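A short worksheet on the structure shown next.
The values are calculated or read from the model by the stated rules, or taken from the named source; none is laboratory data. Everything numeric in this text was worked out from a predicted model, so none of it was measured. Please note: Cβ atoms are built from the backbone with ideal geometry, for glycine as well, and neighbour counts cover all protein chains shown. We work out accessible area using only protein heavy atoms, side chains counted, and drop any ligands, DNA or RNA first. Shrake-Rupley method; radii C 1.70, N 1.55, O 1.52, S 1.80 Å.
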Amino acid sequence: MKALCWNGKMDVRVETVPDPKILNPRDAIIRITATAICGSDLHLYHGLIPTLEPGDILGHEFMGEVVEVGSEVKNTKVGDRVVVPFTISCGQCFYCEKTLWSLCDNSNPDAYKNAVLNGYSTAGLFGYSHLYGGYAGGQAEYVRVPFADVGPLKVTSSLRDDQILFLSDIFPTGYQAAENCNIQPDDTVAIWGCGPVGQFAIRSAFLLGAAKVIAIDNVPERMEMARQAGAMVISSDENVRELLKEFTGGRGPDSCIDAVGMEAHGSIYDDIKQKLKLETDRPYVLRQAIMACRKGGTVSIPGVYGGIIDKVPMGAAFGKGLTLKMGQTHMKRYMDPLLQAVEEGKIDPSFVITHRVKLDAAAQAYSTFSKKEDGCIKVMLTP
Amino acid sequence: MDEINSGSETHPDSPSVQGNHGIKVTKSCTIKSSRETLYAFWRKFENLPLFMNGLVSVTQNGNSSHWIAKSPGGKKVEWDAVVINETLNELIAWRTVEGSDVSHAGSVRFKPAPGNRGTEVTVKFEYDAPGGKLAAKLAKITGKEPSQQVEKDLTHFKAVIETGEFPTTQGQPKGEK
């Protein structure tokens, strides 16, 4: 089959690789009908997540048709149309039973590596380095899905692939980010980053009843897409903290969402430290969000961080009694209700797609997306 | 080390590993299952190759057992062990008999975890690495260090019990380097 393989920093290629096989009784094989490049794939593309190996197949946003199931998969059958969450969950451990799906104890075969980094291992992820299990990803024609009796969501309605695909990651991720803000009816939510997760966070904040959403970015087409959702938009090139104060009567936003993560721009200090490998992540947005948030507010972090950061204003977070919420998305909490929201027409997730290309052209699409060229916000790939 | 005779000065009469170059490992994990189930699974030593890396087979004969493993270099390693301490549903401790290729002593203890979290499983292991502590240090660098191996095995034990399989990517597709 064809698959997008990582071969080094800024070097991904579509190659011919063997088809995936059932390896465990609870596996399924999915024929991919639609997949996408995620903003977090760019961290891999830029070589910022350690333990990727040349030849690793990327991709964690995908959907398709079940073509084979293992002997223990009873609730999913050949021919089912499914969308697959990017986190892999066993469904039986302490964490899965508490619906903390992304913290699954049993899905990461390289758990000990992850535990060195994080203290305890979290769930395996598709196509996201050997810290997260080294599972082959879904930017391919076929993919093996472990614990296929738990993750995949069956879709029977007549919705198109492009309306369903983003239930695999970015829609639930944006939604969890907004839900983590515990939004009250008169609240103002500030959201840094108008990439795909930011776009879904903006719309989710409104779905959850926010009175006002202020989005921060400096890429014109992304700012425009945020405006279309009803957000006020601030350029990140301006004095963001002063403008946020002005737009909230001096109080500050009730909650702040960092939908940017480890590769934020704006701080030469962090650029240099990251290049010198003195710091793995550039937490420019996180610092700003902590400083801007009102007293007693919440900073919610869906943007990915992978390692060590410094000069985070912990004193401000402590002094203002902030709540910090973060982590990979507990996908299965959200997939069903958000599918329902799409079926009811409350949101059409395909709004975010700017580029539709064949899997064969994926390498070029990575480059275009990485450089934010050609108005690129979200790339959907079809095999 | 109350469960196993560690070969330290406090147990001079029943050393399981000679001299002072034994390497001690202690690892714990919590498994969502009952003490009875876990104890029964473990006590049937024939089950252990299901989750212990490198272990090929174990055959039991009363209190004694014969173990066959493959070393990281692919060499066959064999030893005989005896159960030296046992409490139903709580504790199993064993020790290799003299003349074994790999001299070691080990124990596994099962304790109820709080609430409905299952059972706390603690493995203690004392191990006479060929080449002693220096070899173990080198092994740590090359990723074949016993403490890491015990942790991996315990993780596999947990996965087998909780999910019926253990996660793997062995045999999945990959691009050519």
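What FRET efficiency, computed as 1/(1 + (r/R0)^6) with R0 = 51 Å and r the Cβ-Cβ distance, is obtained for B:Val56 and A:Asn218, rounded to the nearest 0.05? Using R0 = 51 Å, I get an efficiency of 0.25. The trypsin sites (Lys or Arg not before Pro) of the range B:51-87 that meet both conditions, a loop assignment by DSSP and at most 10 other Cβ atoms within 10 Å of the site Cβ, are B:Lys75. For the listed residue pairs A:Lys273/B:Lys27; A:Lys9/A:Lys320; A:Lys9/A:Lys154; A:Lys113/A:Lys273; A:Lys325/A:Lys346, the alpha carbons are over 30 angstrom apart in A:Lys273/B:Lys27; A:Lys9/A:Lys320; A:Lys9/A:Lys154. So in the protein assembly as shown, what percent of DSSP beta bridges are antiparallel if you round to the nearest 5? Of all bridge pairs located within the protein assembly as shown, approximately 75 percent are antiparallel. When accessible surface is computed with a 1.4 Å probe, chains B and A are found to bury approximately 2400 Å² between them, both chains counted.
Please give the FRET efficiency for A:Lys277 paired with A:Ser370, using the beta carbon to beta carbon distance and R0 = 25 Å, rounded to the nearest 0.05. Before the final figure, lay out the partial values.
Values: r = 21 Å, r/R0 = 0.82.
Calculated transfer efficiency: 0.75.
Karplus-based coupling profile of the range A:364-375, in residue order and whole Hz: 5, 5, 4, 5, 4, 5, 4, 8, 6, 7, 6, x, with θ = phi - 60° in 6.51 cos²θ - 1.76 cosθ + 1.60 and x standing for Gly or Pro. Loop-located trypsin sites (Lys or Arg not before Pro) across the range A:173-274 with a Cβ neighbour count of 13 or fewer within 10 Å are A:Arg251, with loop assigned by DSSP. Taken about its Cα centre, the range A:171-326 carries a charge dipole of about 360 debye when Lys and Arg each add +1 at the Cβ and Asp and Glu each add -1 at the Cβ.
In order along the range A:305-314, the phi-based Karplus estimate (6.51 cos²θ - 1.76 cosθ + 1.60, θ = phi - 60°) of 3J(HN,Hα) comes to 10, x, x, 10, 10, 9, 6, 8, x, 5 Hz; Gly and Pro are listed as x.
Under the rule of -39500 (n - 2.57) per DSSP H run of 4 or more residues, summed and divided by the residues of chain A, what mean residue ellipticity at 222 nm is obtained, to the nearest 500 deg cm²/dmol? Estimated from H runs of four or more residues: -7500 deg cm²/dmol. Computed FRET efficiency, Cβ-Cβ of B:Ser100 and A:Lys98, R0 41 Å: what is it to the nearest 0.05? Efficiency for this residue pair is about 0.40. Based on Cα contacts under 8 Å between residues 6+ apart, the range B:23-163 shows a relative contact order of 30 percent. Average 1/r across all pairs of distinct alpha carbons in the range B:23-163, invert it, and you get the Kirkwood radius: 15.6 Å.
Within the full protein context, the accessible area of A:Trp6 is estimated at about 30 Å² for a probe radius of 1.4 Å.
Taking all Cα pairs closer than 8 Å and separated by 6 or more residues, the relative contact order of the range A:171-326 comes to 22 percent. For A:Asp80, the residues whose modelled amide H falls within less than 5 Å of its own, excluding neighbours fewer than 5 places apart on the same chain, are A:Val66.
A straight chain from B:Glu86 to B:His66 at 0.36 nm per residue would run longer than the Cα-Cα distance by 5.4 nm.
Using DSSP loop states and a limit of at most 11 other Cβ atoms within 10 Å to flag GluC sites (Glu not before Pro), what is the longest stretch of chain A containing no flagged site? List each step's numbers first, then the result.
On the way: sites that count: A:Glu238, A:Glu344.
So the longest stretch without any such site is A:1-237.
Computed as a quarter of the hull surface, the mean projected area of the alpha carbon convex hull for the protein assembly as shown stands at 27.8 nm².
Please give the contour-minus-distance gain from A:Lys154 to A:Leu42: 0.36 nm per residue of separation, less the Cα-Cα distance, rounded to one decimal in nm. Mind showing how you got there, number by number?
Values: separation 112, 0.36 × 112 = 40.32 nm, distance 2.86 nm.
Contour length minus the Cα-Cα distance gives 37.5 nm.
Across the range B:155-165, computed HN-Hα scalar couplings (Karplus, 6.51 cos²θ - 1.76 cosθ + 1.60, θ = phi - 60°) run 4, 5, 4, 4, 5, 4, 5, 7, 10, x, 7 Hz from first to last residue, x flagging Gly and Pro. Short-range pairs are left out: with C-alpha atoms under 8 Å and at least six residues apart, the relative contact order of the range A:121-242 is 16 percent.
Within 10 Å of each candidate Cβ there may be at most 16 other Cβ atoms; applying that plus a DSSP loop requirement, which trypsin sites (Lys or Arg not before Pro) in the range A:64-170 survive? Can you show the working numbers first?
Working: sites: A:Lys74, A:Lys77, A:Arg81, A:Lys98, A:Lys113, A:Arg144, A:Lys154, A:Arg160; in loops: A:Lys74, A:Lys77, A:Lys98, A:Arg160.
Hits after loop and neighbour filter: A:Lys74, A:Lys77, A:Lys98, A:Arg160.
What whole number of Å gives the distance from the Cα centroid of the range A:203-265 to the Cα centroid of the range A:35-91? Cα centroid to Cα centroid, the span is 31 Å.
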